[in-house]
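For reference, the structure is listed below as structure tokens.
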Amino acid sequence: MKNPYLLLTPGPLSTTASVKQTMLRDWCTWDDDYNLGVVQPIRQQLVDMAVATSTHSAIDYSTVLMQGSGTFAVESAIGSAIPADGKLLVLINGAYGKRIAEIAEYLNIAVVSLEVAEHEWVAVEALRDMLAKDADITHVAMVHCETTSGILNPIESYAPIVKAAGKVLLVDAMSSFGGIDIKVADLDIDFLISSANKCIQGVPGMGFVIAKRSALLLCEGRARSLSLDLFSQWKTMEDNNGKWRFTSPTHVVRAFQQALTELTLEGGIEARAKRYAANHQTLIRGMTAQGFHCVVDADKQSPFISTFVYPDSALFDFKKLYDGLKEEGFVIYPGKVTATPCFRIGHIGEVYPEDMQRLLVALAKQRFWEQENALENVSA
């Protein structure tokens, strides 16, 4: 069955027919066909992706798969990595950085933050000063791509400061891993968290944590949750050839394996990054030509999702625009930037520059807010 619309969102996103097709088969969670044939190869491939352009060996890292949305995996890492006497510093410039801090508060973890506006970067000097002034900080967490706005945070600038201070680094790479090269080992990242339904183009229902083996070993006994115990999940998978502790989302996992295969067939992360960049550039050129303005400056913008300021018109109604574009076969996202009325358009998933062109044509048909100017001209 053909999809009624294309998802231009940061996940869930539009997937290939072949990814969807893999979910028609049922799997047994105890059987080697599943654990040795599906789970273990996924775990290894994710590690290989993380160190593909690194000078370090894949043997130092491992992957833990976790049921649930990406937030489940983030909470698993936060709740398992930080000891009872630890203290977390969160770099915040959007809703997902705030969510990390909220998770820490729920888990009664001491937490402080460095927060800036959603279209800005936390200054490296502020990070360095914070770490120098607060010796109790043991861990630092940040979001790589904040899907609040589409801003791409400079982990290459932050990681050396964090590691020079002797802190453990956790990176939420939910919307970036698989869509851009992240030198996980070279940056000495301890925990990197992502999800099946983002740049790897799988379906929702599973997250994963790529982590140093040495860091995972330190997590034993720290978890604040039974089901989100990262160490226990990892140890069970390590000791039992990919076996999950609790019911595995088998169809989601198999679809993810197919998505990984298709990523390789496309040419790997480099090729996918080029496609996403082409999507983004096509969209930005077209939106600019139609008079829209981005929330985020070009030098800080990711190739995954873009945020646009509402037109300066009393007639503009996002719901009306949303419904009109949906009728034309496209679904976009409302804004999440608190300071600016805006909307978001994703350019990841099974999406190509020609899809962006079709969207721009559809958007041009929806410009109902220009009636205000038309009426003024008639009156004049």
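Rule-based calculations on the coordinates, nothing more; no lab input. Here the structure is a predicted model, which means the values were calculated and not measured. Methodologically, a virtual Cβ is constructed for each residue, glycine included, from the backbone with ideal geometry; neighbour enumeration extends over all protein chains shown.
Things to note:
- Listed residue (Ala52, Cys342, Val122) projecting farthest to the positive dipole end of the chain, Cβ model: Ala52
- C-alpha center-to-center spacing [the stretch 10-41, the stretch 160-193] in angstrom: 27 Å
- DSSP bridge pairs, the chain: antiparallel proportion in percent, nearest 5: 55 percent
- Only the Cβ atoms of Lys and Arg (+1) and of Asp and Glu (-1) were treated as charged; on that basis the dipole of the chain about its Cα centre amounts to roughly 520 debye.
- Model label points for Asp48 and Glu328, set 7 angstrom from Cα along the Cα-to-Cβ axis, are 4.2 nm apart.
- Point-charge dipole on Cβ atoms (K/R +1, D/E -1) for the stretch 236-325, about Cα centre, debye to 20: 180 debye
- Under 5 Å, built H, 5+ apart or other chain: amide partners of Ala110: Leu88
- Projecting the Cα atoms of Ile137, Ile161, Pro83 onto the charge dipole of the stretch 76-186 (Cβ charges, centred on the Cα centre) puts Pro83 farthest toward the positive pole.
- Using R0 = 22 Å, the C-beta based FRET efficiency linking Lys274 and Thr16 works out to 0.75.
- This ranking places Arg285, Arg224 by how few other beta-carbon atoms lie within 10 Å of each, fewest first, which gives Arg285, Arg224.
- Once the Cβ-Cβ distance of Asp32 and Asn3 is raised to the sixth power relative to R0 = 25 Å, the FRET efficiency obtained is 0.15.
- For Ala141, the residues whose modelled amide H falls within less than 5 Å of its own, excluding neighbours fewer than 5 places apart on the same chain, are Leu89, Val90, Leu91, Leu170.
- Karplus-based coupling profile of the stretch 230-241, in residue order and whole Hz: 5, 4, 5, 4, 5, 4, 5, 5, 5, 7, 10, 6, with θ = phi - 60° in 6.51 cos²θ - 1.76 cosθ + 1.60 and x standing for Gly or Pro.
- Alpha-carbon centroids, the stretch 274-331 and the stretch 82-121: separation in whole Å: 29 Å
- For Tyr61, residues with placed amide H under 5 Å, excluding near neighbours: Arg213
- Pairwise FRET efficiency - Asp136 versus Glu115, Cβ, R0 = 25 Å, nearest 0.05: 0.85
- Entry note, the chain: the mean residue ellipticity at 222 nm calculated from DSSP H runs of n ≥ 4, each adding -39500 (n - 2.57), is -11500 deg cm²/dmol after division by the residues and rounding to the nearest 500.
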